Amino acid sequence: MRIDLLSIFPKMFAPILNESILGIAQKKELVEFFSHDIRDWSDNKHNKIDDKPFGGGPGMVMKAGPIVTAVEAVEKMDDIPSRLLVMSPQGKRFDQKMARELSTEKRICIICGRYEGFDERIFEVLEPEEVSIGDYVLTGGELAALTIADAVVRLIPGVLGSGDSLESESFDNGLLDFPQYTQPFEWRGIKAPEILRSGNHALIEKWRREKAIEKTKARRPDIFKD
Ligand code: ADE
């Protein structure tokens, strides 16, 4: 998979993308990231890519011209057509289902905004999908894009080792994870549940399912399916 990230702060990406699982995924050549500075496509000698909103009001608006030319130029850098996303709190809410769907794409191009938003005409011309990572406002789309990249890339076959099973993940089965314990069995006077060292796999499986159901009903009744 190829992921292009467009931003006016492109240096924000590398520290996250080059660590841990995302770094390993690049070394395994399962994903390639390209960061682009939108200012490289500014239409003036001061590299300005924003301006005051028509009609007045606070803040600055990202101009349509630099973003649209940046996206057009970046898309031409490879023959593979890309799925174009714009990070925005007004977008469709990102979830595990969308992550699964995006993990099957060959190329994703993500536009990250700053300031008070974009000139609306970028939506008319580029017809991107607006995606939000949650009902809160970040200072920009960069952390949202990294969140999406992380959730998507770990689902690409071969990215996670065989030890990191994807089979029974939270949200896939409509349940949160069951509680986990490891050594020592008793720690600060708190024992792990006895059943987990019973060796009875059927009983352990049943206990874990019950605990997952309990936790989901208590914390996330909105995702619980009877
Ligand atoms: N940009 C600012 N806030 C955002 C959010 N919640 N999701 C995606 N992009 C954003």
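Once backbone amide H atoms are built at 1.01 Å from N, PHE34 has ILE3, ASP4, LEU5 as its partners under 5 Å, excluding neighbours fewer than 5 places away on the same chain. In the chain, Cα pairs under 8 Å separated by at least six residues give a relative contact order of 20 percent. The angle between the Cα long axis of helix 64-75 and the main principal axis of the chain comes to about 60°, on a 0 to 90 degree scale. For the cross-link pairs LYS27/LYS106; LYS191/LYS217; LYS48/LYS76, the ones whose C-alpha atoms lie over 21 Å apart are LYS191/LYS217; LYS48/LYS76.
For region 23-47 versus region 143-213, the inter-centroid distance based on Cα atoms is 34 Å.
How big, in percent, is the set of alpha carbon pairs in the chain lying more than 33 Å apart?
33
Please give the net charge around MET62, taking every other residue with its beta carbon less than 10 angstrom from that of MET62, where Lys and Arg add +1 and Asp and Glu add -1.
-2
So the label point goes 7 Å from the Cα of LYS191 along Cα→C-beta, right? Which residues of region 197-226 then have their backbone N under 12 Å from it? Inside the label zone: 197-198. In this structure, LYS106 and THR139 have a Cβ-Cβ separation that, at R0 = 25 Å, corresponds to a calculated FRET efficiency of about 0.20.
Global size of region 168-219: 12.2, 35 Å for Rg and Dmax (C-alpha atoms, Rg to one decimal, Dmax whole).
Throughout, read-outs are computed from the coordinates displayed, never taken from laboratory work. Note that the coordinates shown come from a computational prediction; the quantities given were computed from them, not determined experimentally. A quick note on method: Cβ atoms are made from the backbone with ideal geometry, for glycine too, and the neighbour counts reach across all protein chains shown.
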